[in-house]
2 protein chains.
Amino acid sequence: MENVIRKSNKEDLPQILELIKELAEFEKEPDAVEVTLQDLEKEGFGEQPLFTCFVAEVKGKIEGMALCYFRYSTWKGRTVHLEDLIVREQKRGTGLGSALYKKVIEYALEQGVKRCEWVVLDWNQPAIDFYKRSGATVFENWNTVQMNETAMKNLLGKPL
Amino acid sequence: MENVIRKSNKEDLPQILELIKELAEFEKEPDAVEVTLQDLEKEGFGEQPLFTCFVAEVKGKIEGMALCYFRYSTWKGRTVHLEDLIVREQKRGTGLGSALYKKVIEYALEQGVKRCEWVVLDWNQPAIDFYKRSGATVFENWNTVQMNETAMKNLLGKPL
């Protein structure tokens, strides 16, 4: 059986969640994953799916995945954001990552968007090199800002 | 007439587009705005709106706006992304920015998300200070990566 890159279905979700947890360990935050199978099913396969996921299947097993969704740029309009691109450690270097990456770009073009975007950790040099080689641009002067639930609740009760 | 912070409607879009162009000038990219009124109307007020926009109205005129949409974190689930927060130059320092910011956080909590996020240019120190003071965390080690349409098309035709 050959490698297959295809859109995911509900039955893939347990293996997809495994991959998500594997990436969190790689990024040194194993306890950060709060998402459940039910949440993935609801947001990915409900009435108005929020995300689209592609998987790399080898001999019937999911060995990689790429999850993306739409964003809206007030400059460019609708864009595709690649949230996660994960390949199981023992399968890295076998071309699955590149195949998934191309699949997402192909999907973005099919959807008619003018831009595809994602983030990368500044210490992940192999990834940065790969993205640049593929034609992407890395912007080091945009910082990510996040506010968690506790901070959000605190904010509403106090003057700014 | 008092200041009103409210959800935008279609009739606000011409003034919203003016604000978008004003921000692009502030960020030294006046020609970067390709979005049209038709696109804003389609993506914000169509059958499945991609974004939600709030406006600050003073004496019947739109003096500020905050545009946000949902994203999907494979760690936290659905999040709210604040794409733009803009106040007309002559109205800065009058509290409209803070009021719009709070409105978005309030909306995010109403929607049940665990995180709100956005980006900031690393030279925009007043904004960084404001966000930190409000309880947000700034991550300097995540870099933004973008691929434009030409690069996407090129990628599909060549080996990686």
Collect the residues in region B:125-160 that are under 30 Å from A:LEU160 (Cβ atoms) and in a helix (DSSP H, G or I), keeping them in residue-number order. B:GLN125, B:PRO126, B:ALA127, B:ILE128, B:ASP129, B:PHE130, B:TYR131, B:LYS132, B:ARG133
Answer from A:LEU19, A:LEU13, A:LEU100, A:LEU96 - the residue that is at pLDDT 95 or above and farther than 25 Å from B:LEU156 by Cβ: A:LEU13
Filtered residues of region B:50-79 (kept if of a type in the set (A, V, I, L, M) and open to solvent by 10 Å² or more (accessible area, probe 1.4 Å)): B:LEU50, B:VAL58
Pull up region B:115-124, narrow it to residues that are of a type outside the set (Phe, Trp, Tyr) and assigned to a loop (DSSP other than H, G, I, E, B), then point me to the one that is nearest to the other protein chains (Cβ to nearest Cβ). B:ASP122
Any chance you could count how many residues in region A:142-160 are surrounded by 15 or more Cβ atoms within 10 Å (Cβ to Cβ) and β-branched (Val, Ile, Thr)? 2
Which members of region B:88-125 meet the condition of being of a type outside the set (Phe, Trp, Tyr), more than 24 Å from B:VAL58 (Cα to Cα) and open to solvent by 20 Å² or more (accessible area, probe 1.4 Å)? B:LEU109, B:GLU110, B:GLN111, B:GLY112, B:LYS114, B:ARG115, B:VAL119, B:ASP122, B:ASN124, B:GLN125
Do the conditions hold for B:LEU37, that is, is it at pLDDT 95 or above, surrounded by fewer than 16 Cβ atoms within 10 Å (Cβ to Cβ) and either farther than 30 Å from A:ILE16 by Cβ or more than 16 Å from the chain's Cα centre (by Cα) (or both)? yes
Picking from A:PHE139, A:PHE130, which residue would you name as being more than 7 Å from chain B (Cβ to nearest Cβ), closer than 18 Å to B:TRP142 by Cβ and aromatic (Phe, Trp, Tyr)? A:PHE130
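The values are calculated or read from the model by the stated rules, or taken from the named source; none is laboratory data. Since the model is a prediction, treat every value here as computed from it, not as a measurement. Note that we place each Cβ from the backbone using ideal geometry, even for glycine, and neighbour counts take in every protein chain shown. Protein only, heavy atoms only, side chains kept; ligands, DNA and RNA dropped before computing areas. Shrake-Rupley method; radii C 1.70, N 1.55, O 1.52, S 1.80 Å.
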